[in-house]
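Worksheet: the structure to be examined is printed underneath.
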Amino acid sequence: MERFREAYVNRYRNLKGRQGQGQKIIGWMCLYVPEEILASAGILPVRVMGGAERTPLADAHLYTNACSFVRSCLEEALTNNYAFLDGFVVANTCDHIRRLFDVWRQYIKPPFTHIISLPHKVDDPTLDFYTQQLKSFKEKVEGFTGQTITDEALNKSIEVHNQTRKLLRQLYELRTADTPPITGAETLEIVKAAMIMPKEEFNALLEGFLKEISPPKADTDHRIRLMVLGSELDNPDYLKLVEESGALIVADDLCVGSRYFWNPVVPEQDPIRALARRYLTNAPCPRIRPDTNRKRHLKEMVERFRVAGAIYETIKFCDIYGVYYPMAKAYLAELGLPILGLDREYSMAGMGQMKTRVQAFLESLEG
Ligand code: SF4
């Protein structure tokens, strides 16, 4: 666990060290930027996450109702923590990310920037459109590196990333046990490491970890099996707080979680088309219509991990997840699952109140 934790806690130092050795690094957000395209060009893709609890610089650059996750990411950039990045790529998943991209491009000025247009709907014409978007992205990366990305390199990259997905699914599989050997907070730390480490290194590390961790150790302290879903959540301390209240988080529907890796890329003759299909139809965020795939993913999480309740957390001003809450609540009710809705900030503010609500929720579930 320490090595996964170290990869994230010391990420800026580690990544700067890699860059000093000639490694190009590009930051990305969110799940609709295919890392495979960057990796096949020899670039290390790194998920941009926040960190800053207070955001005075970002507040001066973003409007007041930008979500606190985006604010925290920008604060990290404006305090030069992301100055080592050779580029920044986003998909226009929400207006907050879109504005973050604009400010980042104007004030941080990395050598490479790109925004991928993401359709709202999944059907054949939008798959064609998104395939074209990914082709343009590939061409821009080729222009930046001065190297052609061959189909062979893309297929190899897809294979490595699929291996990451397979290993992470094996990790999640351990959580189906009555006494999982790993907590929700620890799992989140591992998924975060996957998002910032070179995949080959991460795969070797996780493979070793999976051998070490089995057979499962007993964890009899928890009372209730929960899943977590909602806005961007990458701080394990949130999950720790829930788990310290007596629950065990065994599943999630989060972008720094199962939605990052659940579905593999299925190879096709055109690797870009295969990537487009996978990224567009992967367990989606509420940004995408229809919600068939999302419901299927939620159902799988609830049933496979034998979940007894769900926590739905929404970062203040997050319209994507805020608007979807009633629909998620209704659908989880159909599955017989009680849900606790929590509004929060990206930072750890308001944790005391949240703890009280979680404890009351657990008591109601036990009742
Ligand atoms: S937390 Fe919500 S508002 Fe903020 S970047 Fe993510 S989807 Fe957009």
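If a/c stays under 1.5 just call it rounded; otherwise compare a/b with b/c (prolate if a/b is bigger, oblate if not). Do that for the stretch 211-367, with a ≥ b ≥ c from the square roots of the Cα gyration tensor eigenvalues.
Numbers: a/c = 1.80, a/b = 1.41, b/c = 1.27.
Note, shape of the stretch 211-367 comes out prolate.
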| remark: Out of Ile43, Gly184, Cys318 - ranked by how far each Cα lies towards the positive end of the dipole of the chain, with unit charges on the beta-carbon of charged residues - the top one is Ile43
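Over all distinct Cα pairs, what is the inverse of the mean 1/r for the chain, reported as the Kirkwood hydrodynamic radius in Å? Mind dumping the intermediate values first?
Details: mean 1/r = 0.0477 Å⁻¹.
One decimal place: 21.0 Å for the Kirkwood radius.
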| query | Considering amide H positions built from the backbone, and no H for Pro or chain starts, which residues 5 or more places from Leu62, or on another chain, come under 5 Å of its amide H? | reply | none
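Return the calculated 222 nm mean residue ellipticity for the chain, to the nearest 500 deg cm²/dmol, obtained by summing -39500 (n - 2.57) across DSSP H runs with n ≥ 4 and dividing by the residue count.
Values: 16 runs with 189 residues, N = 367.
When only DSSP H runs of four or more count, the value is -16000 deg cm²/dmol.
Per-residue counts of other Cβ atoms within 10 Å, averaged by peptide: what ranking do you get for 74-85, 326-337, highest first? Mind showing how you got there, number by number?
Numbers: 74-85: 19.6, 326-337: 14.5.
Top of the packing list down: 74-85, 326-337.
How would the stretch 223-305 be classified by its alpha-carbon gyration tensor: rounded, prolate or oblate, with rounded meaning a/c under 1.5 and the a/b versus b/c comparison settling the rest? Walk me through the numbers before you get to the answer.
Details: a/c = 2.53, a/b = 2.23, b/c = 1.13.
Note, shape of the stretch 223-305 comes out prolate.
If you count, for each residue, the other Cβ atoms within 10 Å and average over each peptide, how do 96-105, 38-47 line up from highest to lowest? Could you put the intermediate results ahead of the total?
Details: 96-105: 19.2, 38-47: 22.0.
Answer by packing, highest mean first, reads 38-47, 96-105.
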| field | Label point distance in nm, Asp237-Lys121, each placed 7 Å from Cα along Cα→Cβ | value | 4.4 nm
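With charges set only on the Cβ (+1 for Lys and Arg, -1 for Asp and Glu), what does the dipole of the chain come to about its Cα centre, in debye to the nearest 20?
Numbers: 47 positive and 48 negative charges, 73 e Å.
With only Lys, Arg, Asp and Glu charged at Cβ, the dipole is about 360 debye.
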| field | Contour minus Cα-Cα distance for Glu139 and Met348 (0.36 nm per residue) | value | 71.2 nm
| query | Given a Förster radius of 22 Å and the C-beta distance between Asn155 and Gln132 as r, what FRET efficiency does 1/(1 + (r/R0)^6) yield to the nearest 0.05? | reply | 0.65
| request: Using label points projected 7 Å from each Cα along Cα→Cβ, tell me how many nm separate Glu334 and Lys211, to one decimal. | output: 4.5 nm
| task | Obtain the nm distance between the two label points defined at Thr79 and Met1 by a simple spin-label model: each point lies 7 Å from its Cα along the Cα-to-C-beta direction. | result | 2.6 nm
| query | Using the Cα gyration tensor of the stretch 266-338, with a ≥ b ≥ c the square roots of its eigenvalues, what is the shape: rounded (a/c below 1.5), prolate (a/b larger than b/c) or oblate (neither)? | reply | oblate
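Bear in mind that the values in this text are calculations on the coordinates, not laboratory data. Quick caveat: nothing in here was measured; it's all calculated off a predicted structure. Methodologically, a virtual Cβ is constructed for each residue, glycine included, from the backbone with ideal geometry; neighbour enumeration extends over all protein chains shown.
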